[in-house]
Structure formats: C-alpha cells, structure tokens
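Written below as structure tokens is the structure these notes are about.
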Amino acid sequence: MLIEFKNEPFTNFRLPENKQAFEEALAKVESELGREYDLIIGGERIKTEKKIRSINPSNKQQVVGIVSQADQALAERAIQTAAQTFESWKAVPGDARARYLYKAAAILRRRKHEFSAWLVKEAGKSWAEADADTAEAIDFMEYYGRQMDKLSQRQPLPRIPGEDNELYYIPLGVGVVIPPWNFPLAIMVGMTTAALVSGNTVVLKPASTTPVIAAKFMEILEDAGVPKGVVNFLPGSGGEVGDFLVEHPLTRFISFTGSRDVGLRINELAAKHRPGQKWMKRLIAEMGGKDSIIVDSDADLELAAQTIVTSAFGFSGQKCSACSRAIVHQDVYDQVLSRVVELTKALTVGDVVRNDFYTGPVIDEKAYNKILEYIEIGKTEGKLMAGGEKGPDNGYYIMPTVFADVAPDARIMQEEIFGPVVAFCEAKDFDHALEIANNTEYGLTGSVISRNRAHLEKARTEFHVGNLYFNRKCTGALVGVHPFGGFNMSGTDSKAGGPDYLLLFTQAKLVSEVL
C-alpha cells in the first residue's frame with residue numbers, strides 16, 4: 001500500500017556528514033565534465049555532427065558537456081517514433097505507469113547529491129537552491145504517480161436504473177515538452193513525467209543552456225525501465241526543430257515553460273490547423289511573471305525586508321516567481337528600504353561550487369547583457385541603492401541590485417528582467433499598493449506582509465495572481481502544497497504540482513451501457 005505523499009526533505013548542509021557527501025558528489029561530477037551526450041530516439045543513441053557545448057556559468061572556461069543537436073529529419077523521426085510507441089503505451093494501466101515514476105523517484109533519491117552537483121555546475125545554483133530543485137523533481141514524480149492512481153480508479157457518477165455509466169481519463173497522444181533552464185531538473189522532470197504517467201509519449205527538447213541535466217535524467221528513466229520510445233531526447237535549437245515540432249500534425253499537445261514572447265509564438269503556431277491534423281492542439285504554458293511584495297504600514301518590518309531579499313535574490317533572481325517589485329506603504333518605506341539595502345550589501349556572490357557564497361551567476365552571456373542593460377535603464381528611472389555592477393569576471397556574475405523611488409509605470413517595474421534586480425515603489429495606502437501590484441500584464445505570484453486582517457482578506461480577492469502568499473516569500477512553491485501557475489501573460493494557470501494538473505494531459509471519455 002502506498003504511503004501518503006510527503007515532500008522530500010531538504011538537506012541540512014550544516015551537518016558535517018551532509019557537507020562531505022555533497023563535496024564527494026561535486027568531485028564525481030567534476031570527473032565527468034566534458035563528456036559527449038547523444039540524442040535518444042526509440043532507445044537508440046544518435047550522434048550528430050552539429051553539437052552544442054554546455055558551459056558552466058560560474059566558470060566560463062569550463063565545459064560541462066558536449067551535446068548532439070537534432071535537425072528536422074531527426075525531429076520527424078522522433079515524432080513518428082513517439083506516435084508508434086503511443087499505440088502500446090496508452091494501453092498500459094495507469095497504476096502500472098505510476099510505478100515507473102515511483103521507481104524513477106527512488107533512483108533519483110539515491111543519486112540526489114549527484115544531480116544537485118550537476119545543477120551547481122550547469123545551472124550555477126547554490127548548494128541549497130540545487131538541493132531544493134532535486135527535491136522538487138522527486139516530489140513531482142511521487143505526487144503525479146499518486147494522482148494517476150486516483151484518476152485510474154472508477155470515477156463517482158450518479159447512477160440511474162438500467163444503465164452502467166463510467167467516466168475514463170484517457171491520454172491525448174504525442175506531446176512536445178519544452179522545459180526551461182532555470183529549474184532544469186525539477187520543471188523538466190515534472191512536465192515530462194506528468195505527460196508519460198498520463199499515458200502520453202514525449203519528445204523532450206531540453207533547454208539549450210542546460211541539456212546535460214536532461215540527458216542525465218534520461219539515464220534514470222532507462223534505469224527505471226520506461227519502455228523505449230516513450231520519452232525521446234531531442235536537443236536542438238528552437239529555430240531548427242522547435243517550430244517544426246510545434247507545427248507537426250502528429251503533435252497533440254505542447255507543454256512549455258519559458259518566456260512570454262516564446263510562449264505567445266508557440267500559442268500562435270499551435271492554433272493553426274495543418275494538413276493531416278485531426279485535433280485542436282492543447283497548450284500548457286507557464287510564461288513568467290513580474291512579481292510584487294506589498295508591505296503594509298503595520299507589517300513586521302524585519303520579516304518584510306528578509307522576505308524581499310530572499311525572494312528577489314535567491315538564484316540571482318532567475319525565477320519566474322522572484323520578487324522584482326517591492327511596493328511599500330509610505331509610512332514604513334524608508335525603514336524597509338534601508339534594511340533591504342543593508343541585507344543586500346551583505347550578500348556574497350561567487351562560484352557556487354563553494355557553499356559559502358549566497359548566490360552565483362546568471363545563466364549565460366545573453367542574460368548577462370540583458371540584465372546589465374536593464375540596470376542602466378534603472379539608473380534613469382530610480383535611485384541606485386545597492387549593486388548595479390558586474391561581479392567577478394570569470395563567470396556571468398551581477399551584484400544584487402536595488403533601485404528606489406521607481407514610478408509604477410517605469411520599465412523596470414513592468415518588464416520581466418529575470419535577474420538580481422528589485423525596484424522599490426512607494427504606495428500612499430493599501431488600496432494604492434494593490435492598484436500598483438495589479439498594473440502589469442503578468443499575474444504569477446505575489447506576497448502581502450501585513451498584520452491587518454481586513455487588508456489580507458481584501459488582497460485575497462483583489463490581488464490578481466495565481467499564487468498569493470501572506471507574510472512569507474513569493475518563491476518556493478512546494479509540490480502538492482502550493483499548486484503553481486499564473487494568470488494573464490503568466491500563462492495558462494496550469495497549477496503544476498496540484499490535483500488538477502494531470503487533467504491537462506488527458507481527455508475524459510464516458511461509456512454508457514444499457515443493462
């Protein structure tokens with residue numbers, strides 16, 4: 001009998017034995033850097049002439065791995081393989097498919113530190129951020145397995161005399177999974193395993209900056225015995241294979257996490273009917289945020305400051321849920337700003353292979369240059385209070401940056417920066433704070449720091465975000481506990497890690513029989 005779902009505990013690195021185990025995992029990963037990784041289609045490993053070098057963002061001279069890249073001919077092969085495999089995979093009972101996830105979760109749990117070490121090297125995550133990413137990946141598999149068990153059971157329907165009626169949740173077909181680089185294990189695992197446990201087959205196109213982690217996860221699926229062709233590993237550029245996969249008439253759904261612009265493009269391409277296509281394609285999209293923390297006049301000011309700093313600068317602000325807007329009541333604005341600046345200036349930035357650095361680099365040169373451009377914009381839109389400069393030049397380091405006195409309609413208050421930058425805006429009262437918080441095209445996460453119950457209840461109904469938190473940070477959603485997804489340009493409100501998520505990968509079929 002399955003035990004009730006519980007979130008995977010985080011590792012306490014203050015314990016000497018845990019620190020030593022993680023250092024050993026880092027050494028193991030270090031010994032494997034620079035290896036080559038192939039495409040996997042129908043279980044066959046395929047090398048190509050075109051390759052991408054995955055670089056450690058903490059050390060631009062270090063190659064994490066060299067990964068073969070697909071062309072359109074191989075993309076076609078992957079789609080056809082997935083379509084053929086679907087005919088047998090869809091017939092596997094849901095509870096049997098769930099057991100593959102439990103097995104994969106057990107393998108990942110045994111290799112937890114190793115995968116976290118890969119996250120340190122390829123994604124530039126600190127030990128704590130990497131450990132949380134790996135724990136979330138385990139959680140997704142354990143949780144979605146249990147959800148599939150529930151969906152596989154007979155669904156309750158009202159009964160009438162003389163008929164037997166039953167509702168089934170059946171899979172959709174071939175899915176294209178396009179995960180992000182910022183949670184290259186957790187979100188990639190969640191998107192992929194939700195699709196396969198629901199009975200679908202997958203073409204997985206990993207993020208171009210973090211393909212090695214996805215390749216390593218393919219090893220786990222193979223070790224867990226997932227049949228060949230259920231998940232096909234297809235690294236490649238968006239221009240070369242991304243649009244091709246989305247437009248393919250055999251593609252039944254696209255599961256995407258990434259930027260607003262790419263998500264809108266996928267939505268447009270997927271909406272167009274192609275010759276030979278029998279369905280309207282389904283899009284499950286999470287497209288970012290511009291997230292606010294509101295600080296009320298009666299708030300715990302130390303809690304407010306700590307919450308803003310943690311939410312804004314964990315993983316260098318490279319989370320769609322990261323706080324990039326601090327909206328503070330005028331009565332406490334100066335106190336909160338002063339404390340946030342003090343805390344921000346104390347943060348340490350460097351190569352996160354060492355656990356004494358709070359945060360590391362941004363992901364690559366493109367992101368690095370974009371964030372620095374926004375910092376220059378910020379200098380014209382507000383008062384620079386902390387940071388605003390490059391970090392060590394051996395990696396893509398940017399110092400945590402705080403701007404004050406920024407107008408609600410300023411670019412750095414409206415546009416997603418996806419880096420370690422937070423803008424402070426003063427609100428004259430709580431209603432004004434809510435008005436500012438809702439003035440973006442996004443609606444992913446938000447927090448309210450307040451002791452005023454009436455204000456919290458007002459925010460409950462009027463703060464228009466998919467994930468709203470009171471008196472805590474706006475990052476760090478836990479699988480099962482905080483189903484995750486947002487409104488407006490933040491996507492389709494998929495609620496990943498929630499009880500409704502697998503319904504997005506299935507369709508309901510009613511069978512009625514006269515007795």
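The values are calculated or read from the model by the stated rules, or taken from the named source; none is laboratory data. Because the structure is predicted, anything quoted here is derived from the model rather than measured. Positions of Cβ are backbone-derived with ideal geometry, glycine not excepted, and every protein chain shown enters the neighbour counts.
If I ask for residues that are small (Gly, Ala, Ser), more than 20 Å from Glu129 (Cα to Cα) and part of a helix (DSSP H, G or I), which ones from the range 187-209 would you list? It would help to see each step written out before you state the result.
As a first pass, look at the range 187-209 and keep what is small (Gly, Ala, Ser): 190, 194-195, 198-199, 207-208.
Then keep just the ones that are more than 20 Å from Glu129 (Cα to Cα); that gives 194-195, 198-199, 208.
If the condition is that a residue be small (Gly, Ala, Ser), more than 20 Å from Glu129 (Cα to Cα) and part of a helix (DSSP H, G or I), then Ala194, Ala195 are the ones that fit.
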(Q) If the requirement is being buried (at least 19 other Cβ atoms within 10 Å of the Cβ), of a type in the set (Ser, Thr, Tyr), outside the structural domain of Gln306 (by TED's automatic domain parsing) and closer than 29 Å to Trp181 by Cβ, which of these qualifies: Tyr442, Tyr469, Tyr501? (A) Tyr501
Q) If you take the residues in the range 294-320 that are of a type in the set (S, T, N, Q) and surrounded by fewer than 24 Cβ atoms within 10 Å (Cβ to Cβ), which one is farthest from Ile375 (Cα to Cα)? A) Ser297
**Q.** Residue in the range 209-236 that is farthest from Leu172 (Cα to Cα), counting only those that are more than 20 Å from the chain's Cα centre (by Cα) and among the β-branched types (Val, Ile, Thr)
**A.** Val226
Q: Pick out the one residue from Thr209, Thr192 that is in the same structural domain as Lys60 (by TED's automatic domain parsing), polar (S, T, N, Q), surrounded by 24 or more Cβ atoms within 10 Å (Cβ to Cβ) and out of contact with any helix residue (DSSP H, G or I) (no Cβ under 6 Å at 6 or more places or on another chain).
A: Thr192
Q: Please work out which residue is nearest to Gly476 (Cα to Cα), limiting yourself to the range 1-44 and to residues that are of a type in the set (Lys, Arg) and assigned to a helix (DSSP H, G or I).
A: Lys19
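In this structure, is Leu2 of a type outside the set (Ser, Thr, Tyr), surrounded by 11 or more Cβ atoms within 10 Å (Cβ to Cβ), more than 17 Å from Val353 (Cα to Cα) and modelled with pLDDT under 95?
Working: of a type outside the set (Ser, Thr, Tyr): yes; surrounded by 11 or more Cβ atoms within 10 Å (Cβ to Cβ): yes; more than 17 Å from Val353 (Cα to Cα): yes; modelled with pLDDT under 95: yes.
Against the criterion (of a type outside the set (Ser, Thr, Tyr), surrounded by 11 or more Cβ atoms within 10 Å (Cβ to Cβ), more than 17 Å from Val353 (Cα to Cα) and modelled with pLDDT under 95), Leu2 qualifies.
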Q.
Just to be sure I understand, how many residues within the range 401-435 are more than 23 Å from Gly388 (Cβ to Cβ) and either crowded, with 21+ Cβ neighbours inside 10 Å or touching a residue at least 60 places away in the same chain (Cβ under 8 Å) (or both)?
A. 6
(Q) Give me the strands (runs of 3 or more DSSP E) completely within the range 249-318, filtered to those with at least 2 residues that are more than 25 Å from Gln414 (Cβ to Cβ), ordered by residue number. (A) 251-257, 282-286
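Condition check: assigned to a helix (DSSP H, G or I), assigned by TED's automatic domain parsing to the domain that holds Ala78, among the aliphatic types (A, V, I, L, M) and at pLDDT 95 or above. Does Ile170 satisfy that?
Working: assigned to a helix (DSSP H, G or I): no; assigned by TED's automatic domain parsing to the domain that holds Ala78: yes; among the aliphatic types (A, V, I, L, M): yes; at pLDDT 95 or above: yes.
Against the criterion (assigned to a helix (DSSP H, G or I), assigned by TED's automatic domain parsing to the domain that holds Ala78, among the aliphatic types (A, V, I, L, M) and at pLDDT 95 or above), Ile170 does not qualify.
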